[in-house]
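The values are calculated or read from the model by the stated rules, or taken from the named source; none is laboratory data. Everything quoted here is computed from the prediction, not taken from an experiment. FYI the Cβ positions are ideal-geometry reconstructions off the backbone, even for glycines, and counts take in every protein chain you see. Just so you know, the surface numbers come from the protein's heavy atoms only, side chains and all, with ligands and any DNA or RNA stripped out. Shrake-Rupley method; radii C 1.70, N 1.55, O 1.52, S 1.80 Å.
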Amino acid sequence: MDNIIPNQTVFSKCLSFLPFEKFKCTSLDNGVKKLTTANLMRICLTMQLGNWKSYEETEERIRAMEGTEELFGLTSISASQLCRRVNALPSVLPRQLFLAAVTQLNELTSNRKGIPSLGRLHLVDSSSLLLGPTLGKWTYFTKHSNCVKLHTRIVVTDPGTAYPDMVIPSTGNVDDREVMLELVTDPHATHVMDRGYVDYKKMDHWVGNQIPFAMRIQAKHKTNIIKSYDVPDGSKVKLDALVVMGSTFRSMEQPLRLVEFTDEEGKEYRVVTNRWDLKAEEVTELYRHRWIIELFFKWMKQHLRLVKLQSTQPQGIWNQIFFAMTAYCVTLYVRLVEKTKKTTWKVLTLLRIHSERTWKSFLHELHRLPERKSKGRQKRQHPPNEIELHDAGVAIVKPVGVSTSSMAKYKKTRK
C-alpha cells in the first residue's frame with residue numbers, strides 16, 4: 001500500500017491489488033488485441049466497485065473516462081460485445097480471482113482470534129436471487145418463482161471483521177444440505193448454521209472428525225435426553241442437556257449438546273452443538289452471531305450489483321456473483337490495510353466518489369479528521385414540539401385523527 005504511483009487513480013490502485021495478469025484463456029484470447037480475458041475481468045470488477053448498473057452504462061463510462069487505455073487496455077467497447085464475452089467467460093477464472101482476494105484477507109487476519117470466549121466462527125447460509133418468469137425458467141424453484149442461490153461461508157475473525165471465503169452458486173432447487181460438507185470443513189473454527197442444515201449423517205461425520213458446529217433445530221426434531229445439566233435461576237437458558245437426536249426410525253450415532261433458550265421477545269430457540277467447553281449462555285451468544293451473515297447478504301444486495309442480474313445465462317450469473325464478492329473483499333482489504341475506523345460501506349462510498357481522482361487524494365479523505373469540535377446536537381429530555389400544519393399555498397392538510405371526508409369518489413346517488 002505504500003508504493004503509491006504519482007497520479008495513480010483510485011480504480012487503478014484497487015485493480016493493482018489482484019493478479020489479473022495471471023488469468024488467461026487461450027480460446028477466448030486467440031486473435032484478440034484489446035478485450036483480453038484479463039482486461040474483461042478488470043472491467044467487470046470495476047463495474048461492481050463503481051456501481052455501474054448495466055453494460056450500456058459501462059460502454060458510456062469507458063468512453064467518457066480518462067485513462068481507460070491504461071486501465072482496461074481500450075478506450076471503447078460495445079455493450080453487446082461486453083455481454084457476450086461475460087457470458088462466455090469460464091466461471092473458474094472469476095472464482096480464482098475471488099479466491100486470490102480471499103487469500104490476501106486471510107494473510108491480513110491470520111493472527112486474529114475471532115470472538116472473545118467463542119473463537120473464530122464460520123457462518124454458513126444461503127441467499128436467493130430472483131430471475132424473471134420467462135428467461136429464468138432454467139432456474140425453476142416453484143411455480144411462482146425462479147431463482148439462483150448463493151451458498152456462502154462467512155469468516156468472522158474479530159467482532160468487526162467478516163468476509164466470505166467460499167461461495168458456491170447453484171440453481172434454486174439445490175438444497176442447502178447438498179453442499180454443506182464442502183462448507184463445513186475447518187476443525188479450528190465453529191460453524192454456525194440455521195434450521196435448514198439438519199442432516200443426521202453429516203452431523204455424525206462432523207462429530208467424528210471433531211469439526212465444531214452449532215445448529216438451530218426445529219420443534220419437530222426429536223431429541224432423547226440422556227442427561228440434564230443445571231442452569232442458573234432467572235437465566236434465559238431453559239435447558240442444557242446431553243441428547244441423541246432422532247427417533248427409533250432414524251437417529252444419530254453421536255450424542256450432542258442441546259441448549260434451549262428464549263430471546264428478549266420471548267421467542268424460543270433450540271440449538272445443538274458439539275462445543276462442550278462453553279457455558280450455556282455462551283452457546284446462546286454463539287448462535288446470535290449467525291445474524292452477521294444475514295447482514296452480509298443484505299449489504300451485498302443493497303450496495304453492490306447483485307440483486308439486478310445483468311445476464312440470464314448461467315455462466316454470466318455465476319461470473320457476476322464472483323465479481324461482486326471480489327469487490328467486497330477488495331473494499332474490506334483497503335479498510336484493513338489503512339486501519340481506518342470507517343465502515344466498509346463508508347470506504348466503498350469514498351472509493352466511488354474519488355474513483356477518477358488520485359489514490360493520494362482518496363487516502364487524504366479517508367483519514368481526514370472531523371473538523372467539528374463541538375459535541376454536536378444533543379438529545380433533549382422532553383419530546384419535540386408537534387409539527388405545525390401549514391399548506392404553504394400548495395397542499396391540502398388535515399390534522400391527524402380527523403375523519404376522512406364524507407364525499408367519497410364513488411358515492412351512491414340517492415334516487
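Descriptive notes on the structure:
- Residue identified as over 23 Å from the mean Cα position of the chain (by Cα) and open to solvent by 30 Å² or more (accessible area, probe 1.4 Å) among Gly208, Gly196: Gly208
- Complete set of residues in the stretch 40-74 that are buried (at least 16 other Cβ atoms within 10 Å of the Cβ), over 24 Å from Val334 (Cα atoms) and of a type in the set (Gly, Ala, Ser): Gly73
- Sub-8 Å Cβ pairs linking a first residue in the stretch 26-52 that is without any contact (Cβ under 8 Å) to a residue 12 or more places away in the chain and closer than 18 Å to Val347 by Cβ to a second residue that is surrounded by fewer than 20 Cβ atoms within 10 Å (Cβ to Cβ) and of a type outside the set (Ser, Thr, Tyr), at least 6 apart or interchain, number zero.
- Failed item, numbered, when Val330 is tested on (1) in contact (Cβ under 8 Å) with a residue 24 or more places away in the chain; (2) farther than 30 Å from Leu93 by Cβ; (3) open to solvent by less than 60 Å² (accessible area, probe 1.4 Å): (2)
- The residue that is farthest from the chain's Cα centre (by Cα), among those in the stretch 172-193 that are open to solvent by 40 Å² or more (accessible area, probe 1.4 Å) and in contact (Cβ under 8 Å) with a residue 40 or more places away in the chain, is His188.
- Looking only at the stretch 79-111, and only at residues there that are outside any helix (DSSP H, G or I) and surrounded by fewer than 14 Cβ atoms within 10 Å (Cβ to Cβ), the one that is farthest from the chain's Cα centre (by Cα): Asn111
- Filter result (among the polar types (S, T, N, Q) and within 23 Å of Ala324 (Cα to Cα)) within the stretch 146-203: Asn146, Thr152, Thr157, Thr161, Ser170, Thr171, Asn173
- The number of residues in the stretch 333-359 being under 22 Å from Leu108 (Cα atoms) and of a type in the set (D, E, K, R) comes to 6.
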